[in-house]
1. Report, in degrees rounded to the nearest 10, the 0 to 90 angle that the Cα long axis of helix 3-18 makes with the longest principal axis of the chain.
2. Residue farthest toward the positive end of the dipole of region 3-162, with Cβ of Lys/Arg at +1 and Asp/Glu at -1: which of Asn56, Ile98, Ser8?
3. Given the pairs Lys59/Lys160; Lys4/Lys157; Lys4/Lys113; Lys89/Lys157, which span a C-alpha to C-alpha distance of over 23 angstrom in this model?
4. Please give the direction-averaged projected area of the C-alpha convex hull for the chain, in square nanometres with one decimal.
5. With 10 angstrom as the radius, rank Val81, Val76 by how many other C-beta atoms surround their C-beta, starting from the fewest.
6. According to a simple spin-label model (label point 7 Å from Cα along Cα-to-Cβ), what is the distance in nm between Ser55 and Glu2?
7. Tell me what the chain gives for mean residue ellipticity at 222 nm when only DSSP H runs of n ≥ 4 count, each as -39,500 (n - 2.57), the sum divided by the residue total, rounded to 500 deg cm²/dmol.
8. Suppose R0 equals 35 Å; then what is the FRET efficiency for Asn139 and Gln19 from their Cβ-Cβ distance, rounded to the nearest 0.05?
Amino acid sequence: MELKNELSVELGQYLRESQWMVTTAESCTGGGIAQAITNIAGSSQWFTHGFVTYSNLAKQQLLGVDASLFDSVGAVSSEVVEAMAEGAKAVARADFAIAVSGIAGPGGGSTQKPVGTVWIGWSNRDSTTFSQRYLFSGNRQSIRNQSIIEALKGLIKIIKINTV
């Protein structure tokens, strides 16, 4: 079984046992996190919504991300992924949210944000939201896969903390 499936199964077990729901808000992964989660039979018991908000306009319209953030810090930033996670969690009425925005390449990078720069954000049950910056290497698909795996690992870690 590939790692994404293993992580999705583990995530599902924790969520199902606690009767918690998760939602995703994705940009550079294009729905890959939601796909990994919904590849698991029975995931409708713990997965509610998957938002693919590839454009800044979609992030604003569907998740309520403040338009001024795109000018001040850019779409690939902690502020935007945290706003995406909070917005998705609120709209979906979920217990947890994962959000991701990054530059999967092969173009689109800059000196400040090279190809492979990805921000992943998580929002948990007590409304604590945080994010982490990653710098992945490889081609577009590799960067997207690494993002999906780290997003799932991060949420599993958060859920373990919430169940202690």
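1. Approximately 50 degrees, to the nearest ten.
2. So the residue furthest toward the plus end is Ser8.
3. Beyond 23 Å between Cα atoms: Lys59/Lys160; Lys4/Lys113.
4. Numbers: hull surface 35.4 nm².
Convex hull of Cα atoms, orientation-averaged projection: 8.8 nm².
5. Numbers: Val81 31, Val76 22.
So the residues, fewest neighbours to most, are Val76, Val81.
6. 2.9 nm
7. Details: 6 runs with 74 residues, N = 164.
After summing the helix terms and dividing by residue count, I get -14000 deg cm²/dmol.
8. On the way: r = 39 Å, r/R0 = 1.12.
My answer for the efficiency is 0.35.
Readers should treat all values here as calculations from the given coordinates under stated rules, not as data from a laboratory. Since the structure is predicted, the reported quantities are computational estimates derived from the model, not experimental observations. Here Cβ is always computed from backbone atoms with ideal geometry, including for glycine, and neighbour counts include all displayed protein chains.
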